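For reference, the structure is listed below as structure tokens.
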Amino acid sequence: MFQDKAVALEVSKRMLKINGSLDETIAFVQAHCSNEELEDFKHAMGEVMYMVFEKVLIPVYKRHPELIPEGQRVSGITD
């Protein structure tokens, strides 16, 4: 995915920012909602995060492993 390294880098940054926003949203829901609502929301966000990594970031990192953030473990690439 994305032969152009600059495009791949920008997409990676944006996808990681999305995941950060999802984490922040989970914390917000945790502070303002019931445990049941939180668990439902966390499950839904887990699916979204999985799709971001599985369908976007992993293909980017397979083509451009040098873009993997330091300390980030990516199964099948950094193992």
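What to note about this one:
So that you can scan it fast, the table gives a plain yes or no per residue for (1) among the hydrophobic types (A, V, I, L, M, F, W, C); (2) touching a residue at least 24 places away in the same chain (Cβ under 8 Å); (3) surrounded by fewer than 11 Cβ atoms within 10 Å (Cβ to Cβ):
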site	(1), (2), (3)
V7	yes, no, no
E10	no, no, no
I18	yes, yes, no
V60	yes, yes, no
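- Pairs where the first residue, in segment 63-75, is loosely packed, with under 12 Cβ neighbours inside 10 Å and the second is of a type outside the set (K, R), C-beta under 6 Å, 6+ apart: P65/I77
- Residue match in segment 23-35 (condition: in a helix (DSSP H, G or I), hydroxyl-bearing (S, T, Y) and surrounded by 10 or more Cβ atoms within 10 Å (Cβ to Cβ)): yes
- In segment 38-65, the residues that are at pLDDT 95 or above and of a type in the set (D, E): E39, D40, E47
- Residue in segment 68-76 that is in a helix (DSSP H, G or I) and of a type outside the set (D, E, K, R) present: no
The values are calculated or read from the model by the stated rules, or taken from the named source; none is laboratory data. Source: prediction; values computed, not measured. Cβ: placed from backbone, ideal geometry, glycine included. Neighbour counts: every protein chain shown.
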